[in-house]
Amino acid sequence: MKYIFVSGGVISGIGKGIATSSIALLLKSAGYKVAPIKMDPYLNVDAGTMNPIEHGECFVLDDGTETDQDLGHYERYLGESLSKNNIATQGAIYLSVIQKERNLEYDGACVDIVTYITEEIISRIKYAGRSKNADIVVIEIGGTAGEYQNVLFLEANRQLKLKRHDDVIHVHLTYLPIPGSLGEMKSKPAQMSVRDLNAVGIQPDIILARAERPLDQSRIKKLSISTGLEEQDIISAPDMKNVYSVPLKFEEEGLTDRILGKLGLKRKQTDLKEWREFVQSAEKSAKPVKIGIVGKYFTTGDFTLLDSYISVIEAIKHASYKLGVKPEITWIDASKLEANPAQLKKYDGVIVPGGFGERDVEGKIAAVKYVRENNIPYLGLCYGMQLAVVEFARNVLGLKGAHSTEVDPDTKYPVIHIMPDQAKKMLKKDYGGTMRLGAWEAELKSGSKIRALYGKDKASERHRHRFEVNNEYRADLEKNGFKVVGQSPDNRLVEIMELEGHPFFAGSQFHPELKSRPLEPHPMFLGFIEAASKDK
């Protein structure tokens, strides 16, 4: 196997995940099997216990692994499902080494950070490749060059390079700012980030130079001289309006051939036709469709963080581009809707995504009531479906005070309640990795809109929840038009609900956004966007 490490420099958030995904896609298009893996410097064992405002979306895999949002990028670009082998947090690595030490698997040796931790890192990298029978493993190192947190991942990179010199390369994504007071692109921060790598024994083979604008030849020459790289190995990576254009930009810049050449590989094919067509359809989409997303994980101080729902955003885009419309997404703070839900009338469709807890819940319920009564297409995702049940129970079934026991444990009408096995775990404070997670099968009801959208009788979808629809209220819900059109094979769990006589009003207990792909939009999002984009 060959190995490509991807690091970042100067600032966080410059797109290592997109760069890693793009490299993986380009190598796959060149005819190679690729396994991406994210090395996350956090001491959390997984992403399930991290605040989405601080860390971004928790992306759940088929096997139930709660991961960093970059795994979502990998899956979307590769069009493949990944597993727990494609993510490793520093916490999980330390935990594994400590457990082995406790089990005497090191034969009584004095267990040090180097080499026991670094060997564990290298072992996981190699296993990620073997598990997918890959030709090339692409390793994204979280954090920024010069930080203390990711130094062991970089040390593992250095050690693997020593052992497998011709099979390992390093791609460094760095940043060239353009200060407003100067109006000139400055290369010094990028030079210093490469020097930070040099300080831990790593010389990058390729630089991806991020900036607002394309690099000019003088900047490329300056970087080449200061870093010791050939000019052809300085790849300009300017801001793009559409992140799905990034692989095509890299291909034009010759990145694929530079990587293959350094690894001693030859291109087997070039297969980017469908990807190009997808990007072109995105660029041609002109008719606007206004989508409002009602949530609470949007703000921290004076900043708005959209990473909390990045898979929802991308799923909207996939469906919109497929249908030839241009999505205009607005973030609506649920706390501002309780008193004035009528502000939703300007939207073509409304989504209430997943979430937890009681904060701003009444604003979300007010939003559901308004779109239900005013025939605005609605898609409820996990908590969004549960709150649709709460709203319907209150305002159609007449069950005043109906609620989820997550919010009101003493409600007289617990239309949403905790799953029995989850109640036991909550009592023991067993929170990490214990929800109903991963892919579970749902049976779809014939004659429903959802069944028609899927085009099949069964679907496998990804879950992340502890609460569910209370079956004691199921008959009354259905009798009044809120139908269960997807359920678990044993009939115990409600998976999808659909309101009769509405242009589109549906909710899922699972997260359909986690399985949407650029070339294969998710059926539920397709149905929602189609209804939202119809002329009123």
Check: In terms of the Cα gyration tensor, with a ≥ b ≥ c the square roots of its eigenvalues, is segment 363-414 rounded because a/c is under 1.5, prolate because a/b exceeds b/c, or oblate?
Finding: oblate
Checklist line | Rg/Rg_globular for segment 286-532, with Rg_globular taken as 2.2 N^0.38 Å and Rg from C-alpha atoms | finding: 0.95
Notebook entry, point to check: Could you name the lysines in cross-link range of LYS100, using Cα to Cα under 17 Å and dropping any fewer than eight places away on the same chain?
Noted result: none
Next item on the list: Compute the separation of the alpha-carbon centres of segment 71-118 and segment 1-35 and state it in Å as a whole number.
Entry: 20 Å
Check: How would you order 360-372, 506-518, 333-345 from highest to lowest mean count of nearby Cβ atoms within 10 Å?
Finding: 506-518, 360-372, 333-345
Next item on the list: Measure of size requested: the Rg and Dmax of segment 2-276, with Cα atoms as the atom set and Å as the unit; please supply both.
Entry: 18.4, 61
Item checked: Hits among aspartates and glutamates - C-alpha to C-alpha of LYS268 under 13 Å, sequence gap 8 or more where chains match -> ASP135, ASP257
Checklist line | Dipole magnitude (debye, nearest 20) for the chain, charges at Cβ of Lys, Arg, Asp, Glu | finding: 880 debye
Notebook entry, point to check: Among THR115, THR174, what is the fewest-to-most ranking by other Cβ atoms within 10 Å?
Noted result: THR115, THR174
Next item on the list: Just list whichever of LYS33/LYS161; LYS38/LYS336; LYS241/LYS287; LYS364/LYS479; LYS16/LYS222 have alpha carbons separated by over 27 Å in the model shown.
Entry: LYS38/LYS336
Check: Taking segment 190-272, which GluC sites (Glu not before Pro) meet the DSSP loop condition and have no more than 11 other C-beta atoms within 10 Å?
Finding: GLU212, GLU230
Margin query: Give the average over all directions of the projected area of the C-alpha convex hull of segment 98-208, one decimal, in nm².
Written below: 9.3 nm²
Note to self: Using square roots of five times the C-alpha gyration tensor eigenvalues, list the equivalent-ellipsoid semi-axes of segment 21-126 in whole Å, biggest first.
What the structure shows: 28, 18, 11
Next item on the list: Grab the alpha carbons of the chain, take their convex hull, and tell me the volume per residue in Å³.
Entry: 166 Å³
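Laboratory data are not the source of any read-out in this text; all were calculated from the coordinates shown. A quick note: this is a predicted structure, and the numbers were derived from the prediction, not measured. Cβ sites come from the backbone with ideal geometry, for glycine too, and all protein chains shown count toward neighbours.
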